[in-house]
Amino acid sequence: MTSTLQNIFQTAKIKDLAADSVEVTGKTGITTDHGVPVPDTDNWLKVTNGRNSGPSLLEDQIAREKIHRFDHERIPERVVHARGTAAHGYFRVFDDRAAKYTLANVLTDPNRTTPTFVRFSTVQGSRGSADTVRDVRGFATKFYTEEGNWDLVGNNIPVFFIQDAIKFPDFVHAVKPEPQNEVPQGQTAHNNFWDFVGLQPEASHMVMWAMSDRAIPRSYRMMQGFGVNTFTLVNSEGKRFFVKFHWIPELGVHSFVWDEALKIAGQDPDFHRKDLEEAILNGAPPKWTLGIQVIPEEREHDFEFDILDATKIWPEELVPVEEIGEMVLNRPVDEFFPETEQVAFCTSHVVPGIGFSDDPLLQGRNFSYFDTQLSRLGMNWEQLPINRPVCPVMNHNRDGQHQMRITKGRVNYWPNRFEAGPPIPQSHGGYVDFEQKIQGIKARARGEKFQEHYNQAELFLNSLTEYEKASCAFPRSSHSSKRTLFRSQNHLINAFSFELSHCDDAKVYETYTKLLCTVNLDLAKTVAANVGGQINESPTRRPHGKKSSPLSQLYYAPKKPTIKSRRVAILLADGFNGTEVTTISAMLKAGGAVPFLIGPRRGKIFPAGKELGGDGGVFVDHHFEGQRSTMFDALLIPSGKESADMLKANGRCVHWVREAFGHLKAIGAIGEGVEVVRRALKMDVTQLTFASPDDSAVTSSYGVVTTGSYKMTAAAADALEIVTG
Ligand code: HDD
């Protein structure tokens, strides 16, 4: 374990897991599973005459055990959300402000630290699929509270594709690889998905989100989380409220552009997995604020949408988000399988003070999750270390496969003559079942307001900013006068066009482009023209033209801009400016960023003034061919004539600069390094620049910062001091 992890705050759950953790060291010899020391793991017991190896013997219990264990290593992968990664952390509320809504201590007691375990995931692909595909991301949180586990099983998109859980198997069959050939992997770009959503208009709102930048997040650390369904809270006076849960990332909400996401899927399919671990180990543990939207019971019917419909958001202008606490993820898992793979969530797992609503999607989920854990992990899955609560568990449930607990005593039922294991009344912390009055007719139907499917799809579209709509070759700054240099395209249109163009059945893309007319005629026209679809000539619904700014991810730009955890590539070759690179690397580290030196070879590279092959070189992290610009957030080219000349002449480096520029990465260049950028972009960089107030450096609206020479400022000196100690 690294020293960073040894020093971090240990939650009750981490201490609980310690009982089941073993460390493998040089002193720990191998034994069989029944504990007998193993003398040889490389040779199966054989009949041999010394010259030939003869037949292997079935009696070799050591070899047999090794093979048996291996043969059964796999368990069924999750039927959805199979690909994921996880981390431990903790949650604290700011104060008791939520006590007016709930008696749940986890949401109201500021003196508590509740351990959490979060698993992030993609939905469509199998366990081995790539991280950066276009997909919804799962954001499932287990709170190990003192009153039992609470699982908040959410996504990074606040709505869902369907309204009623009975449609889930159809939806998942349609979205998953097609049955005849198991294609495609990690994508919704195929006939069956678009066929289904085209015939299922309730999906139209969620499809807009899935085609937006939200579905290609830069990092799990830079996305929102939503409980999606409507839950309820009950306070100590027995009053009930409807609630939606929100996670808001400290670092803001950021996405890739599609070209980056596609390339990274090949260059590093584990990008998001590594990103989470790297940030935690580098001392930048991700943090989210927990927000709640609350509607008192008596206001349930005050809205034009049904507040129990999971295909609808509650616009924040109508129901503001109240921030009540924060979660930090500060520890990667020690072993993937027992923690990340075996963790199991159930929406039905809530604690006193939190309850369900009649949201028909949630009601079905409450059945489904426990059920799926039975086939994935077996009846006693809640005894697995990662799943067991940190509070005492006692009841009269018994037996089942892999029962690990030995419960002493003579009774396993209630009531019993010993009065052993009694129910706990609500007055002593027992779960509070809210006494809800119900009246109605038993029918296979949904409420009236569940029939409207397009208003919020339009609301989402209207709320996107130009940036989100603009293509990757579009400038970042809104005040650029050079905007016409670039072709403006639309992210959303590009996404629809990519996906529908992968459908080869005309019926599918024609149905979908017709459906889009009801969301927005202009959008439909452009997509139809791109993919060969069809449109209805006049809008089939009168547009409302409304916007809601929190639907744009720019709304969640970090309160304080930060370079924390950002990956910065410094491209250099022999003859680079050594002081400059050392100082800037130190400054980046002091700001929490992660600098990487990329050079023409993996070994030592020598700064100007140092003898090649001598003592003065620096080790670079990667060779030019080993990484691509897509893996980094920013690029720096230091000064040094010899180094710059080499970079200019190297096709891979030129491509690096061009690609980083195309993806709107921040690019810095100093002295002779400026010439590398100029050559790569085939432009005079002054065309791309704005002078800074003191003329010491020039910064462009395109993210290019150039300066003639590097100055050792007081800030730089401080940073160097911090990092070099
Ligand atoms: Fe689900 C897994 C999120 C609707 C049935 N779901 C799963 C996971 C997440 C979600 C994040 C992965 C949990 C993990 O990391 O282990 N699911 C959602 C959200 C939904 C939703 C936000 C809509 C509001 N899900 C949904 C419905 C059903 C399911 C309507 C069934 C009726 N979901 C499952 C499942 C999974 C699952 C089949 C697969 C693995 C698992 O549960 O543990 O039971």
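A short reminder: the numbers here are calculations on the coordinates, not readings from a lab. Here the structure is a predicted model, which means the values were calculated and not measured. All Cβ positions, glycine included, derive from the backbone under ideal geometry; neighbour counts span all protein chains shown.
What the table below lists for this structure:
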item: Theoretical ellipticity at 222 nm over the chain - DSSP helices of four or more residues, -39500 (n - 2.57) apiece, nearest 500; result: -7500 deg cm²/dmol
item: Alpha carbon convex hull of the range 494-578, projected area averaged over orientations, nm²; result: 11.1 nm²
item: Where the Cα pairs of the range 192-330 fall when distances are cut into 10 Å bins, in %; result: 10, 30, 32, 21, 7, 0
item: Furthest towards positive pole of dipole, Tyr220, Phe139, Asn149, structure part the chain, Cβ charges; result: Tyr220
item: Reachable aspartates and glutamates, given that their alpha-carbon falls under 15 Å from the alpha-carbon of Lys100 and they are not under 8 places away in the same chain; result: Asp109, Glu237, Glu297, Glu322, Glu323
item: The range 164-270 - charge dipole about Cα centre, Lys and Arg +1 at Cβ, Asp and Glu -1, debye rounded to 20; result: 460 debye
item: Kirkwood Rh, Cα atoms: Rg over Rh of the range 102-246; result: 1.03
item: Mean projected area in nm² (Cα convex hull; one quarter of hull surface) for the range 309-389; result: 7.7 nm²
item: Under-22-angstrom lysine pairs by C-alpha in the range 516-656, whenever the two are 8 or more apart or on separate chains; result: 10
item: Simple Cβ-charge dipole of the chain, Lys/Arg +1 and Asp/Glu -1, about Cα centre, in debye nearest 20; result: 540 debye
item: Pairs of Cα atoms farther than 24 Å apart, the range 1-138, %; result: 65 percent
item: Formal net charge of residues neighbouring Ser565 (Cβ-Cβ distance under 13 Å; K, R +1; D, E -1); result: +3
item: Unit charges at the beta carbon, dipole of the chain: most positive-side option, Ile30, Val175, Ala634; result: Ala634
item: Rule-of-thumb Rg ratio for the range 525-636 [Cα; 2.2 N^0.38 Å; N residues]; result: 1.81
item: Histogram of C-alpha separations across the range 88-187, 10 Å bin width, %; result: 13, 32, 27, 19, 7, 1
item: Loop GluC sites (Glu not before Pro), the range 532-616, which have at most 11 other Cβ atoms in a 10 Å radius of their Cβ (DSSP); result: Glu537, Glu611
item: Within the range 52-97: Cβ-based charge dipole about Cα centre, in debye rounded to nearest 20 (Lys, Arg +1; Asp, Glu -1); result: 240 debye
item: Mean projection area, nm², convex hull over Cα of the chain; result: 41.6 nm²
item: Percent of Cα pairs exceeding the 18 Å cut-off, where the set is the range 393-453; result: 65 percent
